Amino acid sequence: MRIIKKKLDIQDFIEKFELIASYDDVGQKHYLVIEDRERGGKWTLMKYSDSQWSLHGKGLNYCDHEEYSLPEKDFVQFIWKNRSLFNRKIKEAVLS
């Protein structure tokens, strides 16, 4: 898996997400948790077995009511905006 240096690298990240994500047997989904820099909590990015993607945020002072799907344009923008955090996860997976 490549580090995300340009927007074209996001497709590689999407295709190989399962290689660095944890798996939840109960929810039948792969997930990755990163920091939520804006709200001071955590984002959980999830990919279900039917290839649906969702996002959920939670912190000390907030909790999204439910997971929500992102249109592809917004999904790519979310990954791009947080690429340094995703790159950290990629590097951790490569080193382990």
Of the criteria (1) over 12 Å from the mean Cα position of the chain (by Cα); (2) among the hydrophobic types (A, V, I, L, M, F, W, C); (3) surrounded by 14 or more Cβ atoms within 10 Å (Cβ to Cβ), which one residue 8 fails: (3)
Every residue from the range 61-95 that is open to solvent by less than 70 Å² (accessible area, probe 1.4 Å), touching a residue at least 12 places away in the same chain (Cβ under 8 Å) and part of a loop (DSSP other than H, G, I, E, B): 67, 70, 82
Count of residues meeting criterion [under 19 Å from residue 90 (Cα atoms) and not in a loop (DSSP other than H, G, I, E, B)] in the range 25-60: 16
Output for the range 50-60, where each listed residue is open to solvent by 60 Å² or more (accessible area, probe 1.4 Å) and modelled with pLDDT under 95: 50, 51, 52, 60
All positions within the range 25-39 that are open to solvent by less than 80 Å² (accessible area, probe 1.4 Å) and of a type in the set (D, E, K, R): 29, 35, 36
Among the candidates 47, 42, residue that is open to solvent by less than 40 Å² (accessible area, probe 1.4 Å), within 20 Å of residue 18 (Cα to Cα) and not hydrophobic (A, V, I, L, M, F, W, C): 47
Number of the exception - residue 16 against (1) open to solvent by 30 Å² or more (accessible area, probe 1.4 Å); (2) modelled with pLDDT of 95 or more: (2)
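The values are calculated or read from the model by the stated rules, or taken from the named source; none is laboratory data. Computed from a prediction, not measured in an experiment: that's the story for all the values here. Cβ: placed from backbone, ideal geometry, glycine included. Neighbour counts: every protein chain shown. Ligands, DNA and RNA are excluded from the accessible area calculation, which covers all protein heavy atoms including side chains. Shrake-Rupley method; radii C 1.70, N 1.55, O 1.52, S 1.80 Å.
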